[in-house]
1. Just to verify a number: FRET efficiency for CYS222 and LEU138, C-beta to C-beta distance, R0 = 25 Å, to 0.05?
2. Ranking HIS90, HIS30, HIS124 by Cβ neighbours within 10 Å, fewest first, what do you get?
3. Ranked by Cβ crowding within 10 angstrom, fewest neighbours first, how are ILE52, ILE71 ordered?
4. Apply the Karplus curve 6.51 cos²θ - 1.76 cosθ + 1.60, θ = phi - 60°, to the phi angles in region 194-203 and return the couplings in whole Hz, x for Gly and Pro.
5. Within the set of other residues whose C-beta is less than 10 Å from the C-beta of HIS49, count the net charge using Lys and Arg as +1 and Asp and Glu as -1.
6. What distance in nm separates the simple spin-label points at ARG199 and THR214, each placed 7 Å from Cα in the Cβ direction?
Amino acid sequence: MALHNVSGDRFDLDNRDHLSATVFPVCRNHVLRLGLEGLLSETGFTVWHENIDGFACLPVIQGELPALFVIDADSFASGAIDLVKRLKAHAPAARIVLVADAFDPNVVPMAWDAGVHGFCLSTHEREVFIKSLELVMLGEAILPATIVLPIAGMTSHHSRHGLVNGVHDGKGAVPSLSNREVEILACLRDGSPNKVIARKLSLSEATVKVHVKTILKKIGVCNRTQAALWATRHAPADRTSAWS
């Protein structure tokens, strides 16, 4: 699988060797670390064998694999920003992701300035969470729509479509996609660029571009990466079935 960033750059996620990293769980709950191990099993990520409580001794970052700190923000409340600064000073090259049930839009800019590279919701499904971490390791920034939209003053559009975090929340109408749009959305989920989609479906690239633009509008997302994540969470067992 591959994903695209906002600029349309293609990231191959099938070859995960180059995405390998040591994940350091920063939390105060042993169960959370075990859960993280389960989530990241059979991926290129290796979870550190101990919890980091954030304010005790920090592990020595060594070896060839890049480091990724995954912080349970709910464990540290108002101290999360200071913790991020400490981790950044300890390991400047490491990537940092905050995980929480919800994020305060007023706190996000401060966390960003402190050195956070990604914000993940604990409600994300496994594949979405893994892809978010992979994108962070590729140098991308991850901010769920529930963070971006309030800051940008764009909540009304998604409220009208019953969408939260780019995902249907059950309160609005399910996006109605044509059979062709379902096919193209499946291709977006697989990371196919327009040229490949056009060849696969015997369409012109111009036609594919029009369909992609329509799909993004219907499902309430801004770019191909968000569409791929949306499709991952809403994928039907049968790709010819309606997305829900």
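Please treat every number below as a calculation from the coordinates, not as lab data. Keep in mind that what you see is a predicted model, and the values were worked out from it rather than measured. Every residue, glycine as well, gets a Cβ built from its backbone with ideal geometry; the counts of neighbours run over all protein chains shown.
1. 0.85
2. Taking fewest neighbouring Cβ atoms as first place, the list is HIS30, HIS90, HIS124.
3. Neighbour counts put them in this order, fewest first: ILE52, ILE71.
4. 4, 4, 5, 4, 4, 5, 5, 9, 6, 10
5. -1
6. Here the answer is 2.4 nm between the modelled labels.
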